[in-house]
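Everything on this sheet refers to the single structure shown next.
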Amino acid sequence: MLLFAMGFLLVILQPSMGQFPRVCANTQSLLSKECCPPWDGDGSPCGELSGRGSCQNILLSQAPLGPQFPFSGVDDREDWPSVFYNRTCRCEGNFMGFNCGECKFGFSGLNCTERQLRTRRNIFQLTINEKNKFLAYLNLAKNIPSQDYVIATGTYTQMNNGSNPMFRDINVYDLFVWMHYYASRDTLLGGSNVWRDIDFAHEAPGFLPWHRAFLLLWERQIQKITGDENFTIPYWDWRDAEDCGVCTDEYMGGRHPTNPNLLSLASIFSSWQVICTRSEEYNSQQALCNATSEGPIRRNPGNNDKSRTPRLPSSADVEFCLSLTQYESGSMDKMANFSFRNTLEGFADPQTAISNPSQSGLHNALHIYMNGSMSQVQGSANDPIFVIHHAFVDSIFERWLRRHRPMLEVYPAANAPIGHNRENYMVPFIPLYRNGEFFKSSRELGYDYEYLQEPALQSFQDFLTPYLQQARQIWAWLVGAAVVGGIITAVLTGLIKACQKKKRGTSSEIQPLLIESEDYNNITYQSNF
């Protein structure tokens, strides 16, 4: 009954975020390279008559890229989305969307002026009804076609440079699976040649902002198709877990009784079909994933390669990662040392922060531990555990932002791997978002985490942390200053006493100093850390 009611809502509520807007997936839009659909509210492109936005040329970043991708003009994702469109809607104020018909994250209301702050909660803290509703929402998204978006089934060249559009419909959940695939797929170079060292969503600075945007868009899709504006993604806190606590039929699906690689038939997810998991097949055919079903979800948690991932992450791993002061470092890829991003992503050791791609820590450890659909990058979003796992990864990112309070300039502006500079647009999102737009507190984007809503004392400690870290860096100077200050104080005290004695000896009518020597010492400046 619940699913029927939600299905009915599709008639009156349309999704609004995704990949290629349906209204722009046609010959005219591709040949003109313009995607500026009208807003239904006034019928004008980008809602221009209502002051929501206007159709503008795309402003691409000119900052240099890192050396990881030595080609140019061979991949549709380069300078996204200019291969397909060079004019899109630029929205004003708090408006957002491919036609400026939505509100920015964190805002609502007819004119997008009302601030909102929703809370993401621990999946184990949900009531039975809340948990069942979340599972039903997931299943609904898997069975409802996206009304506003389609996916590309061919490259721009295969589309004959726009004159032969190649797009197809897709359900709401798989739309996001496909987007994750498209951002991380290999570059097709022609013949049987591919370039594998490329990823617009992983192994570089954009990993955390990209997935933050991905989850926000996914969250909003669920809000749209269900009519539940207060829906938020729950998170799975996997610190110190001894096994996969969510891998039960009550939650994300238990183990099949006779085939340990499949899900229990009692789980609604056992009937799900995966897409975009056969990367080698696509590469050999020089083709894109076309979202054809490729079999059931595979998962065998814990039966992974123990030499690569011996255990699930610990609280100590997370705390060490949070202590790292540099967001990014060195080559800004999976070889970066002492990088918070690379350590959280899992390519650096969570106890030393030294790069070690042969091991999988933190974020990567969970993917490998699941030993199935989650363990292959391009198709990992097929497993619904993906969203609750990444929600927790995002919460760790949020803790780091609150502890270290970095300026936007901390995010690299240049020389990062392709697609990962601060001003690069994220692949493959339309409307357009830059990496730097999501390098800020979640509360500015309209959401928080239940376990981060801590008492005032903890907030005060988090406030002091960056200043204490700075103090440690100049501690030797402070000690030296204190010693010198002590010597100067002693000398001044001696001189004052000498002057007092001399004055008392020459005139009994002269009054003593208003501040005695003991009091003088008490008002000298001190530094206490």
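The values are calculated or read from the model by the stated rules, or taken from the named source; none is laboratory data. Everything numeric in this text was worked out from a predicted model, so none of it was measured. Because the Cβ atoms are built from the backbone with ideal geometry, glycine has one as well, and the counts that use them run over all protein chains shown. Accessible surface areas use protein heavy atoms only, side chains included; no ligands, DNA or RNA. Shrake-Rupley method; radii C 1.70, N 1.55, O 1.52, S 1.80 Å.
Just to make sure I understand: if all protein chains stay in place, what is the order of GLU114, GLU450 by accessible area at 1.4 Å, largest first?
GLU114, GLU450
So how do 311-317, 220-226, 281-287 stack up, highest first, on mean other-Cβ count within 10 Å?
With the highest mean Cβ count within 10 Å placed first, the list reads 220-226, 311-317, 281-287.
For LEU188, what is the net charge nearby, where nearby means another residue's Cβ is under 10 Å from its Cβ and Lys, Arg count +1, Asp, Glu -1?
-2
Rounded, prolate or oblate, given the Cα gyration tensor of region 242-390, with a/c below 1.5 counting as rounded?
Taking the square roots of the gyration eigenvalues as a ≥ b ≥ c, region 242-390 is oblate.
Once ligands and nucleic acids are excluded and a 1.4 Å probe is used, how much of TRP39 is accessible, expressed in Å² to the nearest 10?
Rounded to the nearest 10, the figure is 50 Å².
What does the highest-first list of 329-340, 159-170 look like by mean Cβ count within 10 Å?
So the order, starting with the most tightly packed, is 329-340, 159-170.
Post the alpha-carbon centroid distance, region 268-283 to region 368-410, in whole angstrom.
21
For a quick protection proxy, order the peptides 253-261, 59-67 by their average other-Cβ count within 10 Å, most packed first.
On the way: 253-261: 15.7, 59-67: 13.7.
Ranking the peptides 253-261, 59-67 by packing returns 253-261, 59-67.
Provide the gained length on full extension for the span SER264 to SER54, in nm with one decimal, where the gain is 0.36 nm per separating residue minus the Cα-Cα distance.
Gain on extension, SER264 to SER54, equals 70.5 nm.
Using only the alpha carbons, work out the radius of gyration and Dmax of region 293-354 in angstrom.
Expressed in Å, the Cα Rg and Dmax of region 293-354 come to 14.6, 44.
By the gyration tensor of its Cα atoms, with a ≥ b ≥ c the square roots of the eigenvalues, what is the shape of region 23-452: rounded for a/c under 1.5, prolate for a/b over b/c, or oblate?
Note, shape of region 23-452 comes out rounded.
Once you have a ≥ b ≥ c as the square roots of the Cα gyration tensor eigenvalues for region 187-275, tell me rounded if a/c is under 1.5, and otherwise prolate or oblate according to whether a/b is larger than b/c.
Numbers: a/c = 1.76, a/b = 1.27, b/c = 1.38.
Oblate is the answer for region 187-275, as a/c is 1.5 or above yet b/c matches or exceeds a/b.
So, taking all protein chains as they sit and a 1.4 Å probe, how much accessible area belongs to ARG403, in Å² rounded to tens?
ARG403 has an accessible surface of roughly 50 Å² with all protein chains in place.
Let's test the formula: R0 of 51 Å, r as the Cβ-Cβ distance of THR292 and VAL410. What FRET efficiency results, to the nearest 0.05?
0.75
Once the Cβ-Cβ distance between THR248 and THR127 is put in as r, and R0 is 25 Å, what FRET efficiency do you end up with, to the nearest 0.05?
E between THR248 and THR127, to the nearest 0.05, is 0.90.
If the viscosity is 1.306 mPa s and the temperature 10 °C, what translational diffusion coefficient in µm²/s does Stokes-Einstein give for region 132-263 when Rh comes from Kirkwood over Cα pairs?
89
What's the FRET efficiency of SER72 with ASN160 using the Cβ-Cβ distance as r and R₀ = 25 Å, to the nearest 0.05?
Numbers: r = 22 Å, r/R0 = 0.86.
According to the calculation, E is roughly 0.70.
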